[in-house]
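Structure, as structure tokens:
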Amino acid sequence: MIQKNEFSILQEKDILVASIDIGTNSTHLLIAEINLDLKTFSIKFTDKSTTRLGEKDEEGNLTEESIQRVLYTLKRFKEYCKSNGVEHLVTAATSAVREAPNGRNFIKRVQSDLGIQIELISGSEEARLIYLGVLSGMALADESYVIIDIGGGSTELILADNKDAIALTSSRVGAVRLKNDFFDSESITKERFEFLRTFIQGSLEPSVGKIKRRLQEGKVVSMIATSGTAISLGNLISSDLGEPKQKMHGYKFRKESLKIVLEKLLKLPSSEIKKIPSLSERRAEIIIPGALILNTSMDMMDFNELTISERALREGLVVDWMLRKGIIKNEFNIQSNIRKTTIVHQARKFGVDKERSEKITDIAFQIYDQTKNIFHSGIDSKAKDLLWAACKLYSCGKYVNIGSYHKHSWYLIKHCELLGYSQSETNIIASIARYHRKTLPKKRHDSWQSLMTKEDKTLVLEMSLILRLAASLDQRPAKVISSLKIKLLKNILLIELLPFNSDQDILLEKWNLELCKNVIKEQKNLELKVV
């Protein structure tokens, strides 16, 4: 890769950085575009190859076959990066390489043959990078988190919050290692199952003990799971519950659901597990060992629920690179405004008019503040935040087509990467944008069906009504309306529009606002009067 000095890096607007994770089971590539204005990054491309580096010989050395698979993959990844303008590459190798007697020779060989420098990271450094990756993709509340990453050869457990990693641990138990050492038959007996649980408990005990000792008494603790194992199990659980297919980032599932899926998997022969659509053949081989590790860890630490993060080590390598280059000053920088930066980034990506979206946000907030107990209760603390996000992105569908742009906006928002927002919150933001104009929700609409709960649907109805009113006043590029006043007189909703200039003709705004009469009548049984 072409190297640049730090000064030249900071002169660019967007930087393409690639990270490669050489794991026990797979070798992964991630290409990220770093935005220097927002001090954040977006993922442009990912790829992986099942290189099975963890398949070692009797002395524990990396086999020539597995080394050749990795060399071929790394060569392909390097060529892809070169052809797509990637100028900075960071590569890390984890447990398979650090434990193999010939691991360092492998690293020298990659350097000699391909010119790629590999960082051989320790278990605790791997845990730190996983923490950075999670920070870059989730808005953590003011509480403690136990992050678990089940890899092929090791399992990392991290105790952290939104400002610091408190405990970084790594255990030599992973899905591939467990499969290679103990799974030699089609089915698992009850006795074998109990033995495996005991073995996993013993392997995880030092890490769990360290985390429990450092937990603050009375502090709320939640669990986050990363890695392919957690994502695959999330897909299986979601399917088992009959839920619509969805992104796994931010998806929550309960331990009871995990146990049900695990019990079903244990009853299936390996040939049937390989037929499960959401599992690749290689993932199918290690899904039971991975599920056993996750289930046992939840039992040991008394967690009944966890949240999935799709970001982990590879994203952590990008964050660490940004830290080393001075693009961000500390890891808290990438966490503190994660929701704001991801919304701003997506708005810019889809060419949203910044000035007009700010105008709409201002008007929408005025309506929100003045319609408590009229349009909404004001109890849901997240409502205003989700309304803000919808105001910033509601017109992004114009990037596709002006006609029915609200429908395009729903699709783009639902399928873009909104970091810091859960899947249900993303669905709410998308649906607020969808229903800010034209028809009200219908049962057959995919956008309405995507909303998980009755409370989510109520929030969408309330916030989309506010956005509808605000958007109706956006009829010219210039900012005409300075403020508005709302009063409820019996069953009449009186809205007074105040222009910047007293002689300003606001007939166009008044006419468009009055087009909302029928919706207000249908939703709130109120008569609208505009003055």
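The values are calculated or read from the model by the stated rules, or taken from the named source; none is laboratory data. Keep in mind that what you see is a predicted model, and the values were worked out from it rather than measured. Every residue, glycine as well, gets a Cβ built from its backbone with ideal geometry; the counts of neighbours run over all protein chains shown.
Worth a mention:
- Residue in segment 142-155 that is within 19 Å of ASP320 (Cα to Cα) and either touching a Ser or Thr at 6+ places or on another chain (Cβ under 6 Å) or part of a strand (DSSP E or B) (or both) present: yes
- Residue within segment 329-351 that is in a loop (DSSP other than H, G, I, E, B), buried (at least 20 other Cβ atoms within 10 Å of the Cβ) and either in contact with a helix residue (DSSP H, G or I) (Cβ under 8 Å, 6 or more places away or on another chain) or among the polar types (S, T, N, Q) (or both) present: no
- Test: residue in segment 300-320 that is outside the structural domain of ASP149 (by TED's automatic domain parsing) and among the aromatic types (Phe, Trp, Tyr): no
- Test: residue in segment 261-269 that is part of a helix (DSSP H, G or I), of a type in the set (Lys, Arg) and touching a Leu at 6+ places or on another chain (Cβ under 6 Å): no
- Selection over segment 5-36 of residues that are farther than 26 Å from VAL173 by Cα, in a loop (DSSP other than H, G, I, E, B) and modelled with pLDDT of 85 or more gives a count of 1.
The rows are residues; the columns are (1) touching a residue at least 24 places away in the same chain (Cβ under 8 Å); (2) in contact with a strand residue (DSSP E or B) (Cβ under 9 Å, 6 or more places away or on another chain); (3) within 16 Å of HIS28 (Cα to Cα).
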residue: THR94; (1), (2), (3): yes, yes, yes
residue: ALA100; (1), (2), (3): yes, yes, no
residue: ARG109; (1), (2), (3): yes, no, no
residue: SER112; (1), (2), (3): no, no, no
residue: ILE116; (1), (2), (3): yes, yes, yes
residue: SER122; (1), (2), (3): yes, yes, no
residue: ALA127; (1), (2), (3): yes, yes, no
residue: MET138; (1), (2), (3): yes, yes, no
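One line per residue, one yes/no per condition, for (1) closer than 16 Å to SER297 by Cβ; (2) not charged (D, E, K, R):
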{"position": "ILE130", "(1), (2)": "yes, yes"}
{"position": "GLY137", "(1), (2)": "no, yes"}
{"position": "ILE150", "(1), (2)": "yes, yes"}
{"position": "THR155", "(1), (2)": "yes, yes"}
{"position": "ILE166", "(1), (2)": "no, yes"}
{"position": "ARG192", "(1), (2)": "no, no"}
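- From LEU159, LEU178, LEU140, LEU168, residue being at pLDDT 95 or above and not aromatic (Phe, Trp, Tyr): LEU159
- Pairs with Cβ under 6 Å, 6+ apart, first in segment 162-173 and part of a loop (DSSP other than H, G, I, E, B), second among the hydroxyl-bearing types (Ser, Thr, Tyr): ARG172/SER154; VAL173/THR155; VAL173/SER203
- Any hit, segment 391-404, residues being assigned to a helix (DSSP H, G or I), surrounded by fewer than 16 Cβ atoms within 10 Å (Cβ to Cβ) and free of Cβ contacts under 8 Å to residues at least 40 places away in the same chain: no
- Within the set SER409, SER464, SER422, SER431, the sole residue that is polar (S, T, N, Q), surrounded by fewer than 23 Cβ atoms within 10 Å (Cβ to Cβ) and assigned by TED's automatic domain parsing to the domain that holds ALA383 turns out to be SER422.
- SER122, sole failed condition from (1) modelled with pLDDT of 90 or more; (2) more than 23 Å from the chain's Cα centre (by Cα); (3) surrounded by fewer than 18 Cβ atoms within 10 Å (Cβ to Cβ): (1)
- Cβ pairs under 8 Å, 6+ apart, first in segment 208-236 and within 19 Å of LEU178 (Cα to Cα) and in contact (Cβ under 8 Å) with a residue 60 or more places away in the chain, second of a type in the set (S, T, N, Q) and assigned to a strand (DSSP E or B): ALA225/THR307
- Flag: ILE287 matches the condition of being outside any loop (DSSP other than H, G, I, E, B), buried (at least 17 other Cβ atoms within 10 Å of the Cβ) and either at pLDDT below 95 or of a type outside the set (S, T, N, Q) (or both).
- Tallying residues that are crowded, with 16+ Cβ neighbours inside 10 Å and under 25 Å from the mean Cα position of the chain (by Cα) within segment 265-277 yields 1.
- Pair list, Cβ < 8 Å and 6+ apart or interchain, from segment 335-358 residues that are assigned by TED's automatic domain parsing to the domain that holds GLU143 and without any contact (Cβ under 8 Å) to a residue 12 or more places away in the chain to residues that are assigned to a helix (DSSP H, G or I) and surrounded by 15 or more Cβ atoms within 10 Å (Cβ to Cβ): none
- Search result, residues across segment 196-247 that are on the phi > 0 side of the Ramachandran plot and assigned to a loop (DSSP other than H, G, I, E, B): GLY218, GLY242
- When we screen GLU462, GLU417 for residues that are in a helix (DSSP H, G or I) and within 27 Å of the chain's Cα centre (by Cα), the only hit is GLU462.
- Across segment 55-94, the number of residues qualifying as small (Gly, Ala, Ser) and touching a Lys or Arg at 6+ places or on another chain (Cβ under 7 Å) comes to 1.
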